[in-house]
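The values are calculated or read from the model by the stated rules, or taken from the named source; none is laboratory data. These numbers were taken from a predicted model, which means no experiment stands behind them. For neighbour counting, all protein chains shown are included, and Cβ atoms are generated from backbone atoms with ideal geometry for every residue, glycine included. Quick note on the areas: whole protein, heavy atoms, side chains included, nothing else; ligands and nucleic acids left out. Shrake-Rupley method; radii C 1.70, N 1.55, O 1.52, S 1.80 Å.
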Amino acid sequence: MQIHFLTAAPARPPRARVRVANQDALPADLPAVVREGAAAARFTAKPAQSHEAFVESDGRVERLLLVGLGETGAAGRMGSIERAGAVVSIRFLTSGEAAVLVDLGGSGLSPVETAAFLLGLRLRAWRHDAYRTKLPDEQKVTLKDVFVLGAPEGAEAEWARESALCEGVEFTRRLVTEPGNVLYPESFVAAVQERVAGTGLEVRVLDDAEMRALGMGALLGVAQGSVRPARILAMVWNGGAAGAKPFAFVGKGVTFDTGGISLKPGAGMEDMKWDMGGAGAVAGAMLALALRKAKAHVVGICGLVENMPDGGAQRPGDVVTSMSGQTIEVINTDAEGRLVLADVLTWTQKEFQPAGIVDLATLTGAMMMALGSEYAGIFANDEPLAEALLAAGKASGDKLWRFPLGTAYDKLIDSPIADMKNMGARTAGAITAAQFIQRFIEKGTPWAHLDIAGVVWADKAGATWDKGATGYGVRLLDRYVRDALEQPERP
C-alpha cells in the first residue's frame with residue numbers, strides 16, 4: 001500500500017472518501033443526509049467508531065466513511081488515533097476500492113497524530129497471501145493507494161519516520177509467518193541480507209565451523225538434531241557518536257521447534273514456526289532503525305537454529321559446555337531457547353562490549369500461562385533499563401509486565417553434575433529461565449530479558465493486526481532507541 005500526501009483536492013477524487021471526527025464534533029461541511037444518518041445510527045465519534053454512507057457527487061455515487069477519533073486530550077489518545085486509522089483498512093482493504101481519499105480537513109490532528117493515524121491504517125492492512133491460490137474475489141486485497149488531504153504542515157516528515165517503522169514491523173511479520181520449510185537459519189539470513197541491502201546496515205554471519213571454534217556447545221547442541229546448519233546473524237548500525245559503545249538487541253531464533261527428543265505433542269506443533277519471534281523482532285527493529293537513520297549505535301544479534309529429533313539429536317541428561325566455559329546438564333531438550341541465548345549472549349558481550357543488552361525470546365509456556373496475550377514479561381538486573389523499557393512498552397503499545405529475579409530461584413536450576421541444568425521444577429518456569437540466562441551476563445552489564453511467548457502470534461485480530469503474526473517487539477525496541485539512546489530534536 002502506498003500513502004500519498006496531497007496539497008489540493010484532485011480533479012477526480014477516488015470513489016471512496018474518509019472523514020475523521022473528534023467526539024461529538026462532526027465535520028461542519030458534511031452533507032445533511034450523512035449528518036442525519038450518523039445521528040440516527042448513534043455515531044458520536046467514539047474511538048474507532050465508524051459510520052458509512054453513500055452520497056451523490058458530480059454525477060456519481062461516492063462512499064463516505066466517518067471515523068471517530070475519540071475525545072481530544074483524552075488519556076490514550078494516540079492509541080485511539082491509531083485504531084481509527086486501522087478502521088479505514090478494515091473497511092476498505094477488500095472492498096473493491098483501489099484508492100481512498102482521507103480528508104483530514106478540520107480534524108485538528110497534529111503532525112505526530114496524523115502519522116499515528118496512518119501508522120494504524122498501514123499496519124492493519126498487512127496481509128500474507130503468498131500461498132493462497134484460490135481466494136474468492138471478495139477476499140482479495142484491492143486497496144493500493146491512500147491519498148491524504150488536509151494534513152498539517154510537518155505531517156509528511158513525521159510519516160517518513162513512522163513509515164520506516166512500518167517497514168520493520170511488516171518484515172518481522174513476514175519472517176514470523178513463513179513456514180519452517182521456507183524459513184530456516186540459512187534462509188533467514190538470506191532474507192535479511194536481501195531486505196537490508198542498501199540501508200547502511202553491516203551484516204555479519206557466523207557458520208557452524210566458526211561457532212564450533214568458539215566453543216558454542218550450548219547452541220550447537222540444540223542444532224545437532226537438524227539437517228539445517230545453525231547460524232548467528234549480526235546486524236550493526238553505526239548511527240551514534242564515534243567510539244560510543246553499542247547497545248545490543250539479541251533474539252532467539254529457533255526457526256522450528258519440535259522439542260527435540262523431548263518431543264512436543266503433535267496438536268498445535270505447527271505453531272512452532274514462530275519460535276523465532278525474538279530474532280524476527282530484532283531483524284525488523286534493525287531494519288526500521290536503518291531506514292530512519294537512527295542517531296544511535298545499535299547491534300542486533302540473532303541466534304538461528306532448528307530443533308529436531310533425529311538420531312544425532314542431543315538427549316535429556318547430556319552435558320554441554322557453553323562458550324562461557326560453564327557446563328549445562330540438559331534436562332529437557334525442549335528448553336532449548338535458553339541454550340541458544342547462552343552462547344549468543346556470551347559472543348555478543350565479547351565481540352561488541354555493549355553498553356547494555358535486551359534479549360527477546362519466545363521462551364516459556366509459563367509466561368503464556370501468566371500473562372496470556374496481553375503483555376510480555378520483563379526481567380532486568382538494572383532499574384533504569386527496566387523503567388525505560390516499561391515506558392517504551394506503554395508508549396508503543398507493545399506492553400510489558402515486570403517479573404522478579406532473585407538468588408532464591410537459582411537453587412532450582414543447580415545441577416548435581418554440572419554448573420547448572422537447563423530446566424527447574426514446574427513452578428516459576430519463566431523466572432528460572434530468566435535466572436538461567438542471567439548466568440551468562442557479565443557483571444556490570446545492564447541487561448533485560450523479554451519473554452514474548454504469548455504476544456508474537458494472535459489467534460484473533462487486534463487493533464492494528466489481523467490474525468497471525470503481530471510484529472511484537474519492533475515498535476518497543478524502536479521506541480526505546482528513540483527515547484533512551486537518541487537525543488530527539490522534538491519532544
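Here are a few things to note about the model shown:
- Selection of the stretch 417-444 for residues being closer than 22 Å to residue 349 by Cα and part of a loop (DSSP other than H, G, I, E, B) yields 419, 422, 439, 440, 441, 442, 443, 444.
- Filter result for residue 254 (of a type outside the set (D, E, K, R), part of a helix (DSSP H, G or I) and closer than 20 Å to residue 328 by Cα): no
- Set side by side, the residues 196, 87, 102 differ, and just one is among the hydrophobic types (A, V, I, L, M, F, W, C), closer than 17 Å to residue 4 by Cβ and at pLDDT 95 or above, which is 102.
Yes or no, residue by residue, for (1) open to solvent by 20 Å² or more (accessible area, probe 1.4 Å); (2) under 30 Å from residue 102 (Cα atoms); (3) modelled with pLDDT of 95 or more:
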{"position": "143", "(1), (2), (3)": "no, yes, yes"}
{"position": "147", "(1), (2), (3)": "yes, yes, yes"}
{"position": "170", "(1), (2), (3)": "yes, yes, yes"}
{"position": "174", "(1), (2), (3)": "yes, yes, yes"}
{"position": "179", "(1), (2), (3)": "yes, no, yes"}
{"position": "187", "(1), (2), (3)": "yes, no, yes"}
{"position": "191", "(1), (2), (3)": "no, no, yes"}
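- Some residue of the stretch 380-398 being touching a helix residue (DSSP H, G or I) at 6+ places or on another chain (Cβ under 9 Å) and under 19 Å from residue 423 (Cβ atoms): no
- Taken over the stretch 258-271, residues that are surrounded by 18 or more Cβ atoms within 10 Å (Cβ to Cβ) and either touching a residue at least 60 places away in the same chain (Cβ under 8 Å) or more than 19 Å from residue 363 (Cβ to Cβ) (or both) amount to 4.
- Conditions (1) over 24 Å from residue 403 (Cβ atoms); (2) assigned to a loop (DSSP other than H, G, I, E, B); number of the one not met by residue 373: (1)
- Filter result for the condition that a residue is without any contact (Cβ under 8 Å) to a residue 12 or more places away in the chain, over 30 Å from residue 393 (Cα atoms) and either charged (D, E, K, R) or surrounded by 13 or more Cβ atoms within 10 Å (Cβ to Cβ) (or both), over 41, 53, 16: 41
- Residue ID - most open to solvent (accessible area, probe 1.4 Å), chosen from residues in the stretch 406-430 that are of a type in the set (Val, Ile, Thr) and free of Cβ contacts under 8 Å to residues at least 60 places away in the same chain: 407
- Checklist (1) within 25 Å of residue 280 (Cβ to Cβ); (2) part of a helix (DSSP H, G or I) applied to residue 141, failing item: (2)
- Residue 445 closer than 15 Å to residue 358 by Cα and open to solvent by 10 Å² or more (accessible area, probe 1.4 Å): yes
- Residue within the stretch 241-257 that is in contact with a Gly (Cβ under 8 Å, 6 or more places away or on another chain), farther than 27 Å from residue 204 by Cβ and buried (at least 21 other Cβ atoms within 10 Å of the Cβ) present: no
- Filter result for residue 182 (part of a loop (DSSP other than H, G, I, E, B) and of a type outside the set (Lys, Arg)): yes
- Residue in the stretch 143-156 that is within 23 Å of residue 468 (Cα to Cα), out of contact with any strand residue (DSSP E or B) (no Cβ under 8 Å at 6 or more places or on another chain), among the basic types (Lys, Arg) and touching a residue at least 60 places away in the same chain (Cβ under 8 Å) present: no
- Residue check, residue 448 modelled with pLDDT of 95 or more, of a type outside the set (Phe, Trp, Tyr) and either assigned to a strand (DSSP E or B) or in contact with a Cys (Cβ under 8 Å, 6 or more places away or on another chain) (or both): yes
- On the stretch given as the stretch 112-136, residues that are aromatic (Phe, Trp, Tyr) and either surrounded by 11 or more Cβ atoms within 10 Å (Cβ to Cβ) or in a helix (DSSP H, G or I) (or both) total 2.
- With respect to the conditions (1) closer than 22 Å to residue 13 by Cα; (2) among the small types (Gly, Ala, Ser); (3) touching a strand residue (DSSP E or B) at 6+ places or on another chain (Cβ under 9 Å), residue 96 falls short on a single one, namely (3).
- Within the stretch 81-100, considering residues that are β-branched (Val, Ile, Thr) and not in a loop (DSSP other than H, G, I, E, B), the one surrounded by the fewest Cβ atoms within 10 Å (Cβ to Cβ): 90
- Verdict on residue 164 being of a type in the set (A, V, I, L, M, F, W, C), within 26 Å of residue 458 (Cβ to Cβ) and either part of a helix (DSSP H, G or I) or open to solvent by less than 30 Å² (accessible area, probe 1.4 Å) (or both): yes
- Flag for residue 65 being within 32 Å of the chain's Cα centre (by Cα) and under 30 Å from residue 135 (Cα atoms): yes
- Scanning the stretch 25-49 for residues that are among the aliphatic types (A, V, I, L, M) and assigned to a helix (DSSP H, G or I) yields 32, 33, 34, 38, 39, 40.
- Unmet criterion (only one of (1) under 27 Å from residue 457 (Cα atoms); (2) open to solvent by 70 Å² or more (accessible area, probe 1.4 Å); (3) of a type in the set (Asp, Glu)) for residue 210: (1)
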